[in-house]
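Everything below concerns the one structure shown next.
Only the coordinates and a few stated rules stand behind these numbers; no lab work does. Since the structure is predicted, the reported quantities are computational estimates derived from the model, not experimental observations. Counting neighbours? That spans all protein chains shown, and the Cβs are built from the backbone with ideal geometry, glycine included.
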Amino acid sequence: MNNFSFCNPTKIIFGRGMIARLAREIPADKKIMITFGGGSVRRNGVYEQVIEALKGRDYIEFWGIEPNPKVETLRRAVEQCRAEGVEFLLAVGGGSVLDGTKLIASAVHYDGDAWELTLTGRAKGRVLPFASVMTLPATGSEMNNGAVISNAATAEKYAFYTNYPQFSILDPETTFSLPPYQIACGIADTFVHVIEQYLTEVGVSPLMDRWAEGIMQTLIEIAPQVRENQHDYDAMATYMLSATMGLNGFVAMGVKQDWATHMIGHELTALHGLTHGHTLVIVLPALMSVMREQKGAKICQLGERVFGICEGDANSRIDRTIEAVEAFFRSLGLSTRLSEEGIGEQTIAEIERRFTERGVGFGERGNVDGALARKILERAL
Ligand code: NZQ
Ligand code: ZN
């Protein structure tokens, strides 16, 4: 096991009716900005619950943080925070609203431009305190310090790291209104988060392995229940907690991480607007196939412990495990090939060009560069 330090300070407040707790979590004397997306919270009753909980408090509202939050929108919120002396930010919505809010919180007291800050990769100086009411289980943003920010003008999308949310309220009932496509993408995103922290080497940490496998098995078990009845409170609660546990650092202690699938996926979103979780299900099976030598032993472990693939030689077990992963994604109702989304050579060439120009090397061995990304994407056609 590798050395590590671990600290996750986010308080999770989980369950039915818990939005009412908001007032006791945010100091009474703080000027608040509540941030929202495009309006889903008005249709599912979450907005009313938040406003009721914050009755009598000094707050302003900022609407319109879009999926794959754009710096162009976030800059307006930063200006407003400065003009109105905002001291606390509350994100109400999906991962995009919270990620956007993380950048706003980091940029208010930053001298330069918010995109320039994004490109540095890390917050600098004072960051406003922030928290969330999370309505879409997927990103784990509610309990991590990451944010993924897009730039519409340049068609770019990058990860940015800052403080953790002070608290996140997770009420599974808020997810009852999710479009089935977002649920499919959310389950896929959670699965791939765990994979990115798992599918590297064998024998590094048996504890992390079992923990990761437990989350993946849980997702496979509940996916049909969630898809059949998304008003099933217990199934949605399990899905929601799985998403949080998938990317809050708990399965990453002392192990190597990959993240190449995500990095390639971000380019597909930046260039085509394809939903984040959907990009991952297209890239991952192809990446497993291209990286089968490097990752073979762990792919076999995944096959055996998560999909029950125990017979045959290593090669055929690797093949069947990759097929099982792709079949799981297709069972969610998602397409798993670039060609099904009308994406082809032009995009592959652009991603290869970008990665080569940036000199990147992703993956646990830092060897996924432009040329390898091309191979993976060609395999995903
Ligand atoms: O904007 P509104 O109207 O609120 O609608 C949203 C949006 O259209 C809707 N929605 C959210 N909760 C709902 C709901 N509709 C009905 N009922 C509800 N309860 O869903 C749509 C998608 O929302 P979005 O926030 O974009 O989805 P998600 O949570 O999947 O976030 C995706 C973003 O997070 C980034 C992705 O790259 C992408 O930009 N990620 C963030 C990570 C992190 N912070 O650690 C890690 C991830 O790997 C990921 O990259
Ligand atoms: Zn993700």
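Each Lys or Arg adds one and each Asp or Glu subtracts one; over the other residues with Cβ under 14 Å from the Cβ of Phe36, this totals -1. The aspartates and glutamates whose alpha-carbon is closer than 12 Å to the alpha-carbon of Lys11, local same-chain residues fewer than 8 away aside, are Glu25, Glu142.
Extending 7 Å from the Cα toward the beta-carbon at both Glu311 and Glu341 defines two label points whose distance is 3.6 nm. Shown in residue order for the range 310-316 are the 3J(HN,Hα) couplings computed by the Karplus curve 6.51 cos²θ - 1.76 cosθ + 1.60 at θ = phi - 60°: 10, 9, x, 7, 4, 4, 6 Hz (x for Gly and Pro).
Summing +1 for each Lys or Arg and -1 for each Asp or Glu among the other residues whose beta-carbon sits under 13 angstrom from that of Leu117 gives +2. Computed extension gain for Val202 through Gln225, at 0.36 nm per residue and net of the alpha carbon distance, reaches 5.1 nm. Local charge sum around Ile19 (other residues, Cβ-Cβ under 15 Å, Lys/Arg +1, Asp/Glu -1)? My count for the surroundings of Ile19 gives +1. Ignoring lysines fewer than eight residues from Lys157 along the same chain, the ones with Cα atoms less than 26 angstrom from its Cα are Lys70, Lys102, Lys124, Lys256, Lys375. Taking the Cβ-Cβ separation of Glu72 and Asn2 as r and a Förster radius of 56 Å, what is the calculated FRET efficiency to the nearest 0.05? Efficiency, rounded to the nearest 0.05: 0.90. Across the range 244-255, coupling constants 3J(HN,Hα) worked out from phi with the 6.51/-1.76/1.60 Karplus curve, θ = phi - 60°, read 5, 5, x, 9, 10, x, 6, 9, 10, 5, x, 10 Hz, and Gly and Pro carry x. Considering only alpha-carbon pairs that sit under 8 angstrom and 6 or more positions apart, the relative contact order computed for the range 265-381 is 28 percent. Summary of packing: across the peptides 154-165, 202-213, the per-residue average of other C-beta atoms within 10 Å ranks them, highest first, as 154-165, 202-213. Label-to-label distance, Arg330 versus Glu357, with points set 7 angstrom from Cα along the beta-carbon direction: 3.6 nm.
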